[in-house]
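Only the coordinates and a few stated rules stand behind these numbers; no lab work does. Worth saying up front: this structure is predicted, and the values here are computed from it rather than measured. Positions of Cβ are generated from backbone atoms using ideal geometry, with glycine treated the same way; all protein chains shown enter the neighbour counts.
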There are 2 protein chains.
Amino acid sequence: MARATATTEDSLSSELIRAAGVKVTRGRVRVLDALRAARQPLSHAEMEALPAGAGDAAIDRVTLYRVLDSLVACGLALKAVDTRGVFRFSAAGSQRQHAKHVHFRCTGCGGVFCLKAEPPPPPRLPRGFRLQQVEFDLRGLCAGCGAGTS
Amino acid sequence: MARATATTEDSLSSELIRAAGVKVTRGRVRVLDALRAARQPLSHAEMEALPAGAGDAAIDRVTLYRVLDSLVACGLALKAVDTRGVFRFSAAGSQRQHAKHVHFRCTGCGGVFCLKAEPPPPPRLPRGFRLQQVEFDLRGLCAGCGAGTS
DNA sequence: CCACTAATGCAACAGTGTTGCATTTGAAGG
DNA sequence: CCTTCAAATGCAACACTGTTGCATTAGTGG
Ligand SMILES: [Mn+2]
Ligand SMILES: [Mn+2]
Ligand SMILES: [Zn+2]
Ligand SMILES: [Zn+2]
């Protein structure tokens, strides 16, 4: 049952990658799979620590960076920096959904939490500026990280 | 004239540091001075490249990190990450003004630009979460960085 | 199955930030 | 002034994140 689901997701990731016009490699499939399954954006370190599927060898550190860059370049993943200055990646499909609400970013653990409020429309920009993304972020400590504080 | 102004600002920085209850050192005065004079948040690298005042020796790299941390710890400076994942620091006084408007963050150069629109009020948070900062950011390329692109 | 390009693995490197420890210095009191 | 002592500094070494160069491997299209 769990196996069947995993296989289905694997195929879908492969299909997305093929449709994007780049080579379908084990690394890309595994990484996109992980991104699509994740509920929060993942850092490079977190993905490197992912359990290798079924007897699959671990992905090389540099290759993982390049796989992530390639997924971003072909539009299948998004890249953004967390509050600690570390890049986090998410599957591109999930951003349409995340564009519709506000986020809370924990300064303690770098985690990203989805809130239910929706962001306001963007204001006008100065001449020559190109808007790529709108982000209405709340920063602070999540319930876990703020537990010990006064 | 310029000398008189500089002296005045130096004194004010010293006074702020003294009032914060920490030792007044050359490094702290110079750094807080630079932060108060800056129109945008400054990175560690940018501050390290600052011209040494008048025959003053350059500040040690590690000491600069510790000076910045101490200014943040005593509430005289703010620390936030830019779109490239590098920390930037600003004088604490300047944030009251920056809290009243929206910012554009350039993904090319990491620069921060102040817009005239004001941010909307924050939504409710889940139980246990502590809000420290609200940020309504627009991301993209500034006029300089986007010049060469199609 | 072949050929050809894109992707990978490995080593070495760069930038940013941290830790440990010996030395210096600011500030408080004598 | 001079003494004292915690706090701040300078330096070396380190950790983490991300990049570059280059030889080898593996997709893909024929
Ligand atoms: Mn979300
Ligand atoms: Mn501003
Ligand atoms: Zn947290
Ligand atoms: Zn720019």
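Before moving on, here are some points about what is shown:
- Within the same chain, aspartates and glutamates fewer than 8 places from A:LYS79 are excluded, and of the rest, those with a Cα less than 18 Å from its Cα are A:ASP33, A:GLU46, A:GLU48, A:ASP69, A:GLU135, A:ASP137, B:ASP82, B:ASP137.
- Counting neighbouring beta carbons within 10 Å and listing from fewest to most, the residues B:CYS74, A:CYS142 come out as B:CYS74, A:CYS142.
- Cysteines having no other Cys beta carbon under 4.7 Å from their own, within chain A: A:CYS74, A:CYS109, A:CYS114, A:CYS145
- The protein assembly as shown shape via C-alpha gyration tensor axes, a/c threshold 1.5: prolate
- The distance between label points at A:ARG124 and B:ASP69 comes to 4.6 nm (points 7 Å beyond Cα on the Cα→Cβ vector).
- Estimated FRET transfer efficiency when R0 is 41 angstrom, pair B:VAL24-A:GLN133 (beta carbons, to 0.05): 0.45
- Estimated [θ] at 222 nm from DSSP helical runs (n ≥ 4, -39500 (n - 2.57)) normalised by residues in chain B, nearest 500: -11000 deg cm²/dmol
- 7 Å along Cα→Cβ, label-point gaps from A:ARG127 to other copies, nm, shortest first: 5.5
- Global geometry of the stretch B:65-111, whether rounded, prolate or oblate, following the gyration tensor of its Cα atoms and the 1.5 cut on a/c: oblate
- Footprinting exposure proxy ranking of B:LEU141, A:LEU50, B:LEU32, fewest other C-beta atoms within 10 angstrom first, gives A:LEU50, B:LEU141, B:LEU32.
- For B:GLU48, the distances from its label point to the matching points in the remaining copies are 2.2 nm, ordered from shortest, with each point set 7 Å beyond Cα toward Cβ.
- Copies compared at A:ARG26 - label distances in nm, ascending, label defined 7 Å from Cα in the Cβ direction: 5.9
- Looking at chain B, the DSSP beta bridges with both ends there are about 70 percent antiparallel.
- Going by neighbour counts of Cβ atoms within 10 Å, the residues B:LYS23, A:LYS100 line up, fewest first, as B:LYS23, A:LYS100.
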